[in-house]
Amino acid sequence: MQMVSTEASPAPELSFAYMLAGVCGMLGAAAMLVWQPEALLTRWHPAALAAVHIFALGGLMPVMLGALLQFVPVACGLSLPRWGWGDQLLLAALMLGVATLAEAFLSGSTTWFLLAGSLLLTCLGLAGLRLAYALWQQPTKAELVASMRRSTWALGMTLTLACVLLGILTQGWDLPLVVLVDWHAQWGMAGWVGGLVASVAGVVVPMFHVTDAYPRGWTRAMQMASLLLLAVGVAAWWQMGDVVTGIRVLLCATLAGFGVLTALRVRKSRRGEHDAFHWGWLGLAVISLIAAGLALAASLLADPRWSVAFGVMMLAGFGGGAINVMLYRIVPFLSWLHWQRHNAARARLPLLHQIIPEKWQRVQLAGDALGIALLTTASFAPELTRPAALLLMASKLMLAVLLAQAVRSYRSRLALLKTLPPRVRT
Ligand code: HEM
């Protein structure tokens, strides 16, 4: 099992800021669907494209970047260069870029697309290069580093294809738009979101659920998935329809495999506690299986609503769900770790599950799961879009409030601990 060294964990304030911004981004994407509920009628609706990118770039991305500031040093033992105020500037540029891209999709304006592209590709390019520098700076055989390298590569492919899509939409480049949009979306949702969640699961599920590690075969399946993502785009470009369908079925099987392996490990947990973290990861395993089924339907059936349903379940369910569950572990863990570092007075500290009340974690996660299920169903019953999006807005707002309260108590307790005289051993 991958060993972690919490000694390497930098002060968490910056990570907390990225995480809170991300939760607000997810809330913003739900608000877009409340404002324009007809967005789920087609994947090409401007409000759908805006909501996808507000969620992916303004929701998932900031939380993942904030978590990586901790995860890379702690879990990989690799130092991620810090840029001081540059890190805050990067977050501001990212969120401004997301708002600009959403406006570009809604207005179709070339100027907004170019402005959004330059802002987003600059800040995500820099963040990606920093991550790549940390992950490739020293030769290592560790599977975790290898899988995070694959996710970074997937993000690179997503952004490169985003450049090409901007070239088609703003410069009229004569390239097959739908083929490239599908490839861009696959690298973004399967390669980057799917890859990063699977990488983190490989560490936190065995460690925090006190259960078996994922089998060697799974590592090979993840390695194969990156190659399949490369092949599916090339096959689509050469209009090899059957090959494309075959590869998509294999990718669905990989996602279903993650669901089954994760469910088995959580069920076999030796921790014995069935808390929000337990049900959260079990829920994520079920979401993986449903998303795999929807992806299979979208690949084999002509009805375009299946791909809309898959997009909702993969982004809001798999990506948003994994982040939601992990935030309830990351924020209390980092708070406790850094209180402990300044606790020379040996004052009594709250337990992890007391930092964000367990009861409210369950309520928020249940509301989120219901919102995701309703929004996915709304792909076939559009009248459900607004109530589902309102429920998701309420659940993300509750998550933001719970996290903000935890961050405020982190700060006030840290300030108190720093004023207490060290306990003298008698
Ligand atoms: C710099 C960042 C990005 C830019 C500029 C960008 C731009 C675009 C553009 C121009 C389209 C095609 C829209 C159309 O056909 O009219 C698109 C589609 C899409 N993008 Fe991005 N994208 C970016 C990052 C991402 C990321 C990180 C994800 C991750 C999940 C993502 C997911 C998608 C999806 C799922 C679609 C297809 C939507 C659909 O067909 O329903 N994008 N993107």
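The values are calculated or read from the model by the stated rules, or taken from the named source; none is laboratory data. Here the structure is a predicted model, which means the values were calculated and not measured. Cβ: placed from backbone, ideal geometry, glycine included. Neighbour counts: every protein chain shown. Note: areas computed on protein heavy atoms with side chains; ligands, DNA, RNA excluded. Shrake-Rupley method; radii C 1.70, N 1.55, O 1.52, S 1.80 Å.
Note on segment 76-116: the C-alpha convex hull projects to 4.0 nm² when averaged across all orientations. Sequence-ordered 3J(HN,Hα) estimates for segment 252-269 from the Karplus curve with 6.51, -1.76 and 1.60 and θ = phi - 60° stand at 4, 4, 5, 5, 5, x, 4, x, 5, 4, 5, 4, 4, 5, 5, 5, 8, 4 Hz, glycine and proline given as x.
When the solvent-accessible surface of protein heavy atoms is calculated with a 1.4 angstrom probe, in what order do W136, W85, W218 fall, highest first?
The most accessible residue leads, giving W85, W136, W218.
Stretching the chain fully between Q88 and R408 yields a gain of 113.3 nm (0.36 nm per residue, less the alpha carbon separation).
For the chain, a crude dipole built from +1 on the beta carbon of Lys and Arg and -1 on the beta carbon of Asp and Glu, taken about the Cα centre, is about 1800 debye to the nearest 20.
Structural descriptor for the chain: relative contact order 18 percent, calculated from alpha carbon pairs under 8 angstrom and at least 6 residues apart. A simple spin-label model places the labels of V178 and V249 2.2 nm from each other, with each point 7 Å out along Cα-to-Cβ.
Kirkwood hydrodynamic radius of segment 281-375 from all distinct Cα pairs, in Å? It is 15.4 Å.
Using only side-chain charges placed at the Cβ, +1 for Lys and Arg and -1 for Asp and Glu, the dipole size of segment 260-308 relative to its Cα centre rounds to 260 debye.
Eigenvalues of the alpha-carbon gyration tensor of segment 211-277, scaled by 5 and square-rooted, set the equivalent ellipsoid semi-axes at 33, 11, 8 angstrom, largest first.
Counting only protein heavy atoms and a probe of 1.4 Å, the accessible surface of the chain is 69% carbon and sulfur. What residues of segment 310-354 lie in the reach of a label at D275, counting those whose backbone N is under 14 Å from a point 7 Å from the Cα along Cα→Cβ? The answer is 325-337, 350-354.
I'd like to check one number: the per residue accessible area of the chain, probe 1.4 Å, reported in Å² as a whole number.
Details: 18750 Å² over 426 residues.
For the chain, the solvent-accessible area averages 44 Å² per residue.
With only the Cα atoms considered, segment 231-336 has a convex hull volume of 114 Å³ per residue.
Multiplying the residue separation of A17 and L337 by 0.36 nm and removing their Cα-Cα distance gives an extension gain of 113.5 nm. Under conditions of 4 °C and 1.567 mPa s, segment 158-202 yields 115 µm² s⁻¹ as its translational diffusion coefficient, taking Rh as the Kirkwood radius over Cα pairs in the Stokes-Einstein equation.
Rounded to the nearest 0.05, the FRET efficiency derived from the C-beta distance between F380 and T419 at R0 = 56 Å is 0.45.
Computed over the alpha-carbon pairs of segment 311-426, the distance histogram in 10 Å steps reads 13, 35, 23, 15, 9, 3, 1 percent, short to long. Counting helices only, and only those DSSP H runs with n ≥ 4, report the 222 nm mean residue ellipticity of the chain as the sum of -39,500 (n - 2.57) divided by its residues, in deg cm²/dmol to the nearest 500. Calculated mean residue ellipticity at 222 nm is -25500 deg cm²/dmol.
The value given for the chain is a Kirkwood hydrodynamic radius of 22.0 Å, derived from the mean inverse Cα-Cα separation. The Cα trace of segment 1-157 gives Rg and Dmax of 17.0, 50 Å, the first to one decimal, the second as a whole number. Each residue, V164 and V363, gets one label point 7 Å from its Cα in the Cβ direction; the gap between the two is 4.8 nm. Multiplying the residue separation of S79 and A345 by 0.36 nm and subtracting their alpha-carbon distance yields 92.8 nm.
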